[in-house]
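A short worksheet on the structure shown next.
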Amino acid sequence: MTKTITLAHGNGGQENNILISELFYKAFKNDILDKSEDAAIIHNGELAFSTDSFTVSPLFFAGADIGKLAVCGTCNDLAMMGAVPKYLTCSVIIEEGFETRELEKIVRSMKKELEVNGAVIVGGDTKVVPKGSADKIFINTTGIGEVLKKGISSNNITKDDIIIVNRDIGCHGAAIFVAREGIEMSSSLRSDCESLFPQVKALLDANIDITAMRDATRGGISAVLNEWAKQSNICVEVEEESIPVSDEVRGICEMLGFEATALANEGTFVLAVKKEDAERAVEILKTFESCKGAAIIANVTDAYPKKVVLKSSWGTSRFLDTPSGELLPRIC
């Protein structure tokens, strides 16, 4: 590990993984933490517990703002473990001089998204720091959810599973870049920031046999699939043509040399479901307006354990590695 922290250490990719495993996991090692899930499963498997901090810049962008993001981020981590979000805490660090009107807009966004999840804020903390000590506002949310389906884990994926993505990828990362750089676009590009519990509940209500779920935030689906391959000692073989990417995101990637698979998402998640339920899971997801692009994207094999293979329509294959470096700092 490097002697100083760089922006790349917050990218959700290779450098971030090294920092977490060699520093934090080493210091705080325990059986729950070692499972490395989106949320910790506690209290005899009945509760899910997660925390997240948000520093996104700009604070307001197409499709969402830091308030909506802060609620979605934590509630989605709970949903990925098959839990219904119940109780959240909210801590804010506010820079001196921040406009009260903007703070009110952020709080309204949080309230609205809490209602989507059926969750409530039950505690919090507020700190104000001198001007220049922080950039406008940072938010931390911590959440507890009630587990509806036990046993969902990214450590249990096998060759009996099929990998699905719930919608087109990369919209959040592309939208933040456009907003940050002030790029004028005559398109409908918006962040995919969205609460995922309604989609998860629909799958659970239909008794879809889900092995694992993970929202593809920093590092995109590349990071998720590589984490899964390592955690479950499997090979994930991805059909490149099957990955849903919008024309707007594809255009941003071609213009700037980004990989859509490495772009951050805030309403996109990856599922591993049993083969016999895969098609039905896609059909259920497609009933949601934002999930018209839901698709099967990969098979699980033992060809190259702990690796992700990207197969092109030309018959060629290459390893899809965990992202490294920092494409877009302060993406969430």
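Observations on the structure shown:
- GNM flexibility winner over the chain from Glu283, Glu96, Glu181 (Cα, springs under 10 Å): Glu181
- Among the trypsin sites (Lys or Arg not before Pro) found in the range 52-155, those both in a DSSP coil and sparsely packed, with 11 or fewer other Cβ atoms within 10 Å of their Cβ, are Lys131.
- Amide H contacts under 5 Å for Phe269: Asn166, Arg167, Ala216, restricted to partners 5 or more places along the chain or on a different chain, H placed in the peptide plane at 1.01 Å from N.
- Sparse packing (at most 14 other Cβ atoms within 10 Å of the Cβ) combined with a DSSP loop state is found for the following trypsin sites (Lys or Arg not before Pro) in the range 238-332: Lys292, Lys306.
- Arg280/Ala27 FRET efficiency (R0 41 Å; Cβ-Cβ; nearest 0.05): 0.40
- At least 24 Å along the helix axis (C-alpha) and Kyte average at least -1.0, DSSP helices within the chain: 100-117
- Based on the Kirkwood approach, the hydrodynamic radius assigned to the chain is 20.1 Å, with every pair of different Cα atoms included.
- Distance in nm between pseudo-label sites at Lys112 and Asn44 (7 Å out along the Cβ direction from Cα): 4.1
- Among Glu240, Glu37, Glu102, the residue with the largest mean-square fluctuation in a Gaussian network model of the chain, with springs joining Cα atoms closer than 10 Å, is Glu102.
- Lys/Arg +1, Asp/Glu -1 at C-beta; the range 215-332 dipole; positive extreme among Ala294, Leu310, Ile234: Ile234
- Unit charges on C-beta of K, R, D, E only; dipole of the chain, Debye: 480
- Among Cys75, Cys235, Cys253, the largest mean-square fluctuation in a Gaussian network model of the chain (Cα springs under 10 Å) belongs to Cys253.
- Excluding ligands, DNA and RNA, the accessible surface per residue across the chain is 47 Å² with a 1.4 Å probe.
The values are calculated or read from the model by the stated rules, or taken from the named source; none is laboratory data. Bear in mind that the values here come from a model prediction, so they are computed numbers and not experimental data. Positions of Cβ are backbone-derived with ideal geometry, glycine not excepted, and every protein chain shown enters the neighbour counts. Side chains included, ligands, DNA and RNA excluded: accessible areas come from the protein's heavy atoms. Shrake-Rupley method; radii C 1.70, N 1.55, O 1.52, S 1.80 Å.
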